[in-house]
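Take a look at the structure below.
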Amino acid sequence: MKTCKVCGETKPLDEFYANKGGRDGRRPDCKVCNLATRRAKYLEDPGKYIERVQRWQRENPDRYKAKLREYAESGKKKISDRKSHLKRKYGLTVEQYDEMLEGQGGGCAICGRPPRDDIALHVDHDHETGVIRGLLCFTCNNALGDLNDDPERLYKAATYLDRDDELTALALARARALALTTSR
């Protein structure tokens, strides 16, 4: 156990970063306080920290590429990309997305098809207002987009499909009748 010099809380040693120069081999501030201090310094002048990272990347291209490859292969890059895409484009967290998916029964809001392992459902939103309507599979999302989100066009398409079923049934009946007359 150790007491943090910043917050004054007594915490287990694993709550402190290692520090070879310290008497007990740990930093005097806990991880939470250390990260808060570092974040505050970064926010004061992010440019110098960004430049330091970019300089390291330029000076160590092989190590940088190896780290990127390792990051991608671990699967963490895909998770991070999804998280930032949802937040940046729709203002959603992964948890909010998952709640929406659960609220829709685990599948597309239109057809009910569940997401594939490698492809998540698309966030359907009104392009004018940005309001999120639900989660859709690729096919249903494209269908709405191709119909310009126009309910009248969607209704006409549904009516057309119903009509097509009637015509198909009529054509099958005629084909059967023809088959009977030619087989005699």
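The values are calculated or read from the model by the stated rules, or taken from the named source; none is laboratory data. All values reported here derive from a predicted model rather than from experimental measurement. Because the Cβ atoms are built from the backbone with ideal geometry, glycine has one as well, and the counts that use them run over all protein chains shown. Heavy atoms of the whole protein, side chains included, go into the accessibility calculation; ligands, DNA and RNA do not. Shrake-Rupley method; radii C 1.70, N 1.55, O 1.52, S 1.80 Å.
Per residue Cα convex hull volume for the range 48-129, in cubic angstrom? Working shown, then result.
Details: hull volume 11.5 nm³, N = 82.
About 140 Å³ per residue, rounded to a whole number.
Helices from the chain with mean Kyte-Doolittle at least -0.5 and a Cα length along the axis of 18 Å or more, per DSSP H: which? Working shown, then result.
Working: long enough: 31-44 (20 Å, -0.56); 46-59 (20 Å, -1.92); 61-74 (19 Å, -1.78); 151-182 (46 Å, -0.17).
Answer set is 151-182.
Please go through the residue pairs K5/K31; K2/K31; K11/K31 and name each one whose alpha carbons sit more than 21 Å apart in this structure.
none
For the range 1-105, the convex hull drawn through the C-alpha positions has a volume of 201 cubic angstrom per residue.
Rounded to the nearest 500, what is the chain's calculated 222 nm mean residue ellipticity when only DSSP H runs of at least 4 contribute -39500 (n - 2.57) each, over all residues? Please report the intermediate quantities before stating the final value.
Numbers: 7 runs with 103 residues, N = 184.
Estimated from H runs of four or more residues: -18000 deg cm²/dmol.
Kindly report the accessible area of the range 55-145 per residue (heavy atoms of protein chains, probe 1.4 Å, no ligands, DNA or RNA), in Å².
Details: 6720 Å² over 91 residues.
Solvent-accessible surface per residue comes out at 74 Å².
Quick one, what does Rg over Rh come out to for the chain if you take C-alpha atoms and the Kirkwood Rh? Write down the numbers at each step before the final one.
Working: Rg = 29.4 Å, Rh = 23.1 Å.
Looking at the chain, the ratio lands at 1.27.
The A169 and R133 beta-carbon pair, evaluated with R₀ = 45 Å, returns a calculated FRET efficiency of approximately 0.85.
Only protein heavy atoms count here; under a 1.4 Å probe, L154 has an accessible surface of about 80 Å².
In the range 107-175, which trypsin sites (Lys or Arg not before Pro) fall in coil by DSSP and have 14 or fewer other Cβ atoms within 10 Å? Walk me through the numbers before you get to the answer.
Details: sites: R116, R133, R153, K156, R163, R174; in loops: R116.
The qualifying sites are R116.
Taking only the C-alpha atoms of the range 122-169, the Rg (one decimal) and the largest Cα-Cα distance, Dmax (whole number), read 13.2, 43 Å.
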